[in-house]
Amino acid sequence: MGRAEERKARQRGGRRAAPRRRSSGAGGKSGIRRLFTWKKILGTFFGLCLLGMGAFIVLYMVIDIPEGNADAELQSNVYKYSDGSVMARTGDRNREIVDLAKVPKDVQRTFVAAENKTFYDDAGVDLKGTTRGVLNTLSGKGAQGGSTITQQYVKNYYLSQEQTVSRKLKELVISLKLDREKSKDYILAGYMNTSYYGRGAYGIQAAAQAYYRVDAEDLTVEQGAYLAALLQAPNQYDWANAGETGKKLVQERWNYVLDNMVEQKWLAASDRQGMEFPVPKEPKAAPELKGQTGYLVEAANATLKKQLVAQGAAEDMEQAKALVDLGGYTVTLNIDKKKQAALEKSVKAKLTSKLDPGKRDVDADVQAGAVSVDPKTGRVLAMYGGEDYVKHYTNNATRADYQPASTFKPVILAAAVDQDAETQDGVPITANTMYDGTSKRPVMDGDQKAGFAPPNEDDVDYGDIDVQEAMNKSVNSVFAQMGVDVGMSEVMKVAGELGMDTEGEQAVPAQTLGSMGASPLEMAGVYATLDNHGKKVTPQIVKSVEHKDRTVDIPEAVGGQVISEQAADTVTSVLTGVVDDGTARTSVRENPLRDGQQVAGKTGTSDNNKSAWFTGYTPGLVTSVGLFGEDPESHNQVPMYKAGGVDHRVNGGGFPAEIWAAYTFGVMDGVTRFDLDTKQGAAVKPSRSPSVSQSPSQSPTQEETREESPSQEPTTEEPSTGTPTTEEPSQSPSQSPSNSPSTQPPTGGATTDPENPFLPDGGRDDGR
């Protein structure tokens, strides 16, 4: 120790100085540096990355692509007229899923240009955008854009619209997997079909209809760009509702879409320059089922369900209904929009405008149904189901619970001529065959009474009358006997072949009066088969059905020959007489709109006036009109006496024939005539005037028929063996004896006509 040091030591009391300490501040700073070194920071970062990657790998492994959201699969069914215009949409969701191939390629690209230009090249996700979305969700800033088309489709179809971190992570994983497993076209189609476009429209097809009234396959690039632009803000950008700001924004967005297409070389710059903003059409109220629409949709659905069962797509009608309710069907009907409107107008003009329940309670009981068919194709061109589907749900055009009455008589004649049937005395049954037209005459089966003796309309006795005149006047006693002559089993067989539902029906003489139920649709088919020269016509209301997942075939409406051409043409020939000389002459023959048109048809009025019919046809159009008495509360069948202000009975030659004539003559396209293969000619005239007498129950001086004197009370009664059909005679019961030949056959006999080569000489019918 030197002297200096010693001196200092003495000054400190002999102690050596302690070493100098570092300041506490310097020491703390060194500790933090030791804790957060670059190595530790990088290690922590990579550790977190590995942890995140591991967690993501776990998520990727445990999260599978789920089943599609049931709500996103909901579709409407679309129903169209034969010209392709939309009639109605049904279902909880206005969506019709279409294949991407039906959307023009340029229109597809407008959606890619609007939402995700790298769609065709990316892996299905936008990590930057997704990260931003997660951070914004965590910080409470709400939803942010940046998702790819794949991610938006995943959100629409597989997940939900909620903004949570877990949903975002699921969206990311599912999008990556979906992009690996599915094609870009599959994803794009799903995106376009599940997105909401405003105006209640889900999917590109519904949007195309809502904004431009066209199908997706007919969209232009300009229209596609607008729909693609809509997806950013459907309500704000709807041109019909947008303010000045909204219109400006959507136009800017529209331009952005098209400019991106040019940038991607999907659209030529020269084409882009000439494009103008496609202003959408005004919103149109969604078609509803009110009026006649509901009846048409119901009838189309009945066909659709039947075909789904027939083709094995459904096990039964209940399962078929479930398939139809799932939606996705585009059903095009055969309904002609103009003819449909004409039929509705005719019913209103000739019937409903004359019904006044306030004046007459019975007017509330009258229901009308009608079906119009093209006999060459079987297409149902028009249908009237009732006053309004939302008020009266039963379709009067397809209901089969009312008697067709005397409109059944042509079926009996068709069976007779087709089978070359003879009377019980061996006389061939033709238009000129003579029968006994005595009212309440017992029907004979050989030597035995058949237990049936139907009265004629107003109990009129016609005496000896030929088949043509008996059809004109709708003589019950003649056709009851003819049915037994032909054989009721054969009559019922022919009825079934012509299109009537005869299952479970008994082959008894009472059926000759049309006592089994039938619908206007059925009767239109029967008469269409006659009009089509005996080739079976099954009226078909559905033209075609489309669905993305299945094919639905519609059976041919026109089949093979079910009765001979000559038999069908002979009936047609005879039925022209009903119009020209019989029960329909006032409403049809004398109609000023007829203009020489040849017409065949038959009236029908059931017992107790619960139904009234006219089914008639021209060479190109068959229409069946029925009126039905139905209590609006109990829905029981009730009479229609004095409905619409008529004096007594509502007859087939009245309202039904008037509706038929107004409609048919109103839609005719030129005058046509029947081309018939029959040696009997058209409405062959009787060779003599049949004698007609009154029954004892009527005044001997009465010469007017009930049709000419509608206030006359009916005198017919229902026989215990069946329900008779009443029908109005068309001419005076008294005939001039000077018109009769000097030699008369025995009462009820069949005779030959020297002018008719079908009849052999010497035959007679003893009235059995």
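The values are calculated or read from the model by the stated rules, or taken from the named source; none is laboratory data. Just so you know, these numbers come straight off a predicted model, no measurement behind them. Because the Cβ atoms are built from the backbone with ideal geometry, glycine has one as well, and the counts that use them run over all protein chains shown.
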- prompt: Of the residues that make up region 391-398, is at least one over 16 Å from Val491 (Cα atoms), among the hydrophobic types (A, V, I, L, M, F, W, C) and at pLDDT 95 or above?
  reply: yes
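Tell me which residues, restricted to region 450-472, are in contact (Cβ under 8 Å) with a residue 60 or more places away in the chain and part of a loop (DSSP other than H, G, I, E, B).
Kept after step one, since they are in contact (Cβ under 8 Å) with a residue 60 or more places away in the chain, are these residues of region 450-472: 451-469, 471-472.
Across region 450-472, the qualifying residues are Gly451, Phe452, Ala453, Pro454, Pro455, Asn456, Tyr462, Gly463.
Could you list, in sequence order, the residues of region 398-423 that are assigned to a strand (DSSP E or B) and more than 18 Å from Asp466 (Cα to Cα)? Steps first, please.
Of region 398-423, the ones assigned to a strand (DSSP E or B) are 402, 422.
Within region 398-423, just Tyr402 meets the criteria.
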- prompt: Only one of (1) within 30 Å of Ala480 (Cα to Cα); (2) out of contact with any Leu (no Cβ under 9 Å at 6 or more places or on another chain) is not met by Pro357, so which one is it?
  reply: (1)
Residues of region 139-196 satisfying the condition of being under 15 Å from Gly68 (Cα atoms), modelled with pLDDT of 80 or more and not in a helix (DSSP H, G or I): Tyr158, Lys182, Ser195
task: Working carefully through the options Lys548, Lys535, find the one that is within 28 Å of Gly666 (Cα to Cα), under 28 Å from the mean Cα position of the chain (by Cα) and surrounded by fewer than 21 Cβ atoms within 10 Å (Cβ to Cβ).
output: Lys535
query: Counting only residues that are charged (D, E, K, R) and either part of a loop (DSSP other than H, G, I, E, B) or in contact with a Leu (Cβ under 8 Å, 6 or more places away or on another chain) (or both), how many does region 313-354 have?
result: 4
task: Output the number of residues of region 427-449 satisfying the condition of being over 26 Å from Leu498 (Cα atoms) and either basic (Lys, Arg) or part of a loop (DSSP other than H, G, I, E, B) (or both).
output: 9
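Residue by residue through region 382-426, note down the ones that are among the hydrophobic types (A, V, I, L, M, F, W, C) and surrounded by 24 or more Cβ atoms within 10 Å (Cβ to Cβ).
Within region 382-426, Ala382, Met383, Ala397, Ala405, Phe408, Val411, Ile412, Leu413, Ala414, Ala415, Ala416, Val417 qualify.
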Which numbered condition Phe452 fails, given (1) under 30 Å from Pro375 (Cα atoms); (2) in contact with a helix residue (DSSP H, G or I) (Cβ under 7 Å, 6 or more places away or on another chain): (1)
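Could you go through region 450-458 and let me know if any residue there is aliphatic (A, V, I, L, M) and either buried (at least 24 other Cβ atoms within 10 Å of the Cβ) or closer than 24 Å to Thr586 by Cα (or both).
no
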task: Answer yes or no as to whether Gln251 is outside any helix (DSSP H, G or I) and either closer than 30 Å to Val542 by Cβ or in contact (Cβ under 8 Å) with a residue 12 or more places away in the chain (or both).
output: no
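Okay, residues lined up against (1) small (Gly, Ala, Ser); (2) in contact (Cβ under 8 Å) with a residue 40 or more places away in the chain; (3) over 30 Å from Lys440 (Cβ atoms):
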residue: Met500; (1), (2), (3): no, yes, no
residue: Thr512; (1), (2), (3): no, yes, no
residue: Gly525; (1), (2), (3): yes, yes, yes
residue: Ala528; (1), (2), (3): yes, yes, yes
residue: Lys535; (1), (2), (3): no, no, yes
residue: Ile541; (1), (2), (3): no, yes, yes
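Looking only at region 530-543, count every residue that is in contact with a Gly (Cβ under 7 Å, 6 or more places away or on another chain) and outside any strand (DSSP E or B) and tell me the total.
Selection size over region 530-543: 2.
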- prompt: Conditions: (1) surrounded by fewer than 24 Cβ atoms within 10 Å (Cβ to Cβ); (2) assigned to a helix (DSSP H, G or I). Tyr527 meets all but one. Number of the miss?
  reply: (1)
task: Would you be able to say whether some residue in region 273-289 is modelled with pLDDT under 95 and assigned to a helix (DSSP H, G or I)?
output: yes
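Per-residue answers, yes or no, for (1) assigned to a helix (DSSP H, G or I); (2) at pLDDT 95 or above; (3) of a type outside the set (Gly, Ala, Ser):
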{"position": "Glu633", "(1), (2), (3)": "no, no, yes"}
{"position": "Phe665", "(1), (2), (3)": "yes, yes, yes"}
{"position": "Asp669", "(1), (2), (3)": "no, no, yes"}
{"position": "Arg673", "(1), (2), (3)": "no, no, yes"}
{"position": "Ala682", "(1), (2), (3)": "no, no, no"}
{"position": "Ser689", "(1), (2), (3)": "no, no, no"}
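Quick check on region 302-312: of everything there that is in a helix (DSSP H, G or I) and either touching a residue at least 60 places away in the same chain (Cβ under 8 Å) or small (Gly, Ala, Ser) (or both), which residue is surrounded by the fewest Cβ atoms within 10 Å (Cβ to Cβ)?
Ala310
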- request: Give just the number: which of (1) surrounded by 18 or more Cβ atoms within 10 Å (Cβ to Cβ); (2) farther than 20 Å from Ala300 by Cα; (3) modelled with pLDDT of 95 or more does Lys105 not satisfy?
  value: (1)
- request: Take region 67-91 and flag every residue that is touching a helix residue (DSSP H, G or I) at 6+ places or on another chain (Cβ under 9 Å) and either within 17 Å of Gln292 (Cα to Cα) or among the aliphatic types (A, V, I, L, M) (or both).
  value: Ala72, Leu74, Val78, Tyr79, Tyr81, Ser82, Ser85, Val86, Met87, Ala88, Arg89, Thr90
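Quick check on this structure: which one of Thr615, Thr603, Thr623, Thr583 is touching a Ser or Thr at 6+ places or on another chain (Cβ under 9 Å), in a loop (DSSP other than H, G, I, E, B) and buried (at least 24 other Cβ atoms within 10 Å of the Cβ)?
Values: Thr615 fails: in a loop (DSSP other than H, G, I, E, B); Thr603 fails: in a loop (DSSP other than H, G, I, E, B); Thr623 fails: in a loop (DSSP other than H, G, I, E, B).
Testing whether each residue is touching a Ser or Thr at 6+ places or on another chain (Cβ under 9 Å), in a loop (DSSP other than H, G, I, E, B) and buried (at least 24 other Cβ atoms within 10 Å of the Cβ) leaves just Thr583.
Could you tell me which of the residues Asp374, Asp363 is outside the structural domain of Trp660 (by TED's automatic domain parsing), farther than 30 Å from Ser634 by Cβ and over 16 Å from the mean Cα position of the chain (by Cα)? Let's see the steps before the verdict.
Numbers: Asp363 fails: farther than 30 Å from Ser634 by Cβ.
Among Asp374, Asp363, only Asp374 is outside the structural domain of Trp660 (by TED's automatic domain parsing), farther than 30 Å from Ser634 by Cβ and over 16 Å from the mean Cα position of the chain (by Cα).
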